[in-house]
Amino acid sequence: MDDYRIVAEVPVRFSDTDALGHVNNAVYLSYLESARVDYLKKVLGRSRVEDFGVIIARVEIDYKSPAYHQETMIVGCRVVEVGGSSMRMGYRVEDKATGRLVALAQTVMVAYDYALGRPRRVPEEWRRKMEEFDGIS
């Protein structure tokens, strides 16, 4: 997790698992969301959901190994690219106890004006904060 300054800890709940006993693929979206919300709070200073000003346009997850009930996942999150109206985030999901790689993921967030119901440009203040925090240019 050396490349990730935001790392969320997510315990695997029994309800996260499927009939085969491992974490259901759809649940990983919630794990990514936990780290992403931490990122938005810390880096952009957003504390309320209605102040986030983003929507998710794309999610891509590569599952590397199964996760199970009673394990704890750690989810690293960072911005890897800032575009005109979008931000691409990278994630790494590992088992906390062993460091086993569980998943790699990417999301595309779009800066969004909730009142107007449409995308907007990434505010320059956000761009500056994300680029400084994650060391991108």
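What follows draws every value from the coordinates through simple rules; no lab data is involved. Everything numeric here is computed off the predicted structure, so don't read it as measured data. FYI the Cβ positions are ideal-geometry reconstructions off the backbone, even for glycines, and counts take in every protein chain you see.
Of the peptides 74-84, 93-103, the order by per-residue mean of other Cβ atoms within 10 Å, starting with the highest, comes out as 74-84, 93-103.
Straight-line reach from Lys41: taking Cα to Cα under 20 Å and skipping same-chain neighbours fewer than 8 places apart, the aspartates and glutamates in range are Asp3, Glu9, Glu33, Glu50, Asp51, Glu81, Asp113, Glu124, Glu125, Glu131, Glu132, Asp134.
P(r) tail, region 9-137: Cα-Cα pairs separated by more than 19 Å, 50% of all pairs.
Test of understanding: what is the full-extension gain from Arg58 to Ser34, defined as 0.36 nm times their sequence separation minus their Cα-Cα distance? Provide the component values of the computation, followed by the final result.
Details: separation 24, 0.36 × 24 = 8.64 nm, distance 1.65 nm.
Roughly 7.0 nm would be gained on extension.
Compared with the dominant Cα axis of the chain, that is its longest principal axis, helix 124-134 is turned about 40°.
Using only helices, what value at 222 nm comes out for the chain when you add -39,500 (n - 2.57) per DSSP H run of length 4 or more and divide by the total residues, to the nearest 500 deg cm²/dmol? Present the calculation step by step, with values, prior to reporting the outcome.
On the way: 2 runs with 28 residues, N = 137.
About -6500 deg cm²/dmol.
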